[in-house]
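The values are calculated or read from the model by the stated rules, or taken from the named source; none is laboratory data. This one's a predicted model, so the numbers in the text were calculated from it and none came from an experiment. Here Cβ is always computed from backbone atoms with ideal geometry, including for glycine, and neighbour counts include all displayed protein chains.
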Amino acid sequence: MLSLRPTTMDDLVDLAAWEAEPETAPWLGETGPAWHARALHDPGQEHLVAVRAEAAVGFAVLAGLRDGDAVELRRMVISPPHRRTGLGRSLLTSVLARAYGHHRARRVWLDVKAHNHRARALYESEGFTVTETLTGAVTEADGALTDLVIMAHQVR
Ligand SMILES: CC(C)(COP(=O)(O)OP(=O)(O)OC[C@H]1O[C@@H](n2cnc3c(N)ncnc32)[C@H](O)[C@@H]1OP(=O)(O)O)[C@@H](O)C(=O)NCCC(=O)NCCS
């Protein structure tokens, strides 16, 4: 059973370590404690830690909470040792419920690197569809250009 709680500054060391892991960092934009601290202090964002059996196993950040009825799922990560056990799906369904219930969203959207097949498979299986592809939108550290896919989910 997975639950959500507000992230605190004390969580940020763990969260930043998960992001820095080599199977995770390539899929994210800016990372590190400063990015999270800005999210924590922004009233338009909600930073949530996923908890199972009293242990933090992942996090998610919702954004655009003051911009109308479309909420952005800006980031979700499951801690590397906890992957492939269904927690990613539980976290996604929990944050969708939070967006539609607590935040009264009508639509949830996100962007994902086009070749992030793990995340895309999860999003698609939970009802997200591709609305746009931004060709070459991200410049990687080695100068390569990566496409970004915009996906959206509507309240049912
Ligand atoms: C994407 C992520 C959240 C999935 O978390 P997870 O706990 O491993 O996911 P689950 O075990 O709940 O699996 C859910 C679905 O994701 C997909 N998936 C997960 N891992 C996969 C893999 N290695 N290969 C292919 N599909 C995969 C599958 O569709 C899976 O459903 P299935 O088990 O019915 O096949 C996790 O891999 C992660 O944190 N990745 C790094 C950060 C990231 O890419 N975040 C998204 C972009 S911001």
**Study point:** Pair list, Cβ under 7 Å, 6 or more apart: the stretch 120-132 residue over 14 Å from residue 154 (Cβ atoms), other residue within 9 Å of the ligand (Cβ to nearest atom) and of a type in the set (Val, Ile, Thr)
**Key:** 120/112
Check your understanding: Among the residues of the stretch 110-137, which ones are of a type in the set (Val, Ile, Thr), closer than 17 Å to residue 74 by Cα and more than 17 Å from the chain's Cα centre (by Cα)?
Key -> 131, 133
Study note, to complete from the structure: Given (1) assigned to a loop (DSSP other than H, G, I, E, B); (2) on the phi < 0 side of the Ramachandran plot; (3) of a type outside the set (S, T, N, Q), residue 36 misses just (1)
Review point. Would a scan of the stretch 7-14 turn up a residue that is surrounded by 12 or more Cβ atoms within 10 Å (Cβ to Cβ), of a type in the set (Asp, Glu) and within 27 Å of residue 146 (Cα to Cα)?
Key: no
**Study point:** Qualifying residue in the stretch 97-114 (condition: more than 14 Å from the ligand (Cβ to nearest atom), under 29 Å from residue 145 (Cβ atoms) and modelled with pLDDT of 95 or more)
**Key:** yes
Point to revise | Only one of 48, 92 that is free of Cβ contacts under 8 Å to residues at least 40 places away in the same chain, under 22 Å from residue 155 (Cα atoms) and either in a helix (DSSP H, G or I) or more than 8 Å from the ligand (Cβ to nearest atom) (or both) | key: 92
Review point. Any residue at all in the stretch 71-83 that is more than 13 Å from the ligand (Cβ to nearest atom) and under 20 Å from residue 46 (Cα atoms)?
Key: yes
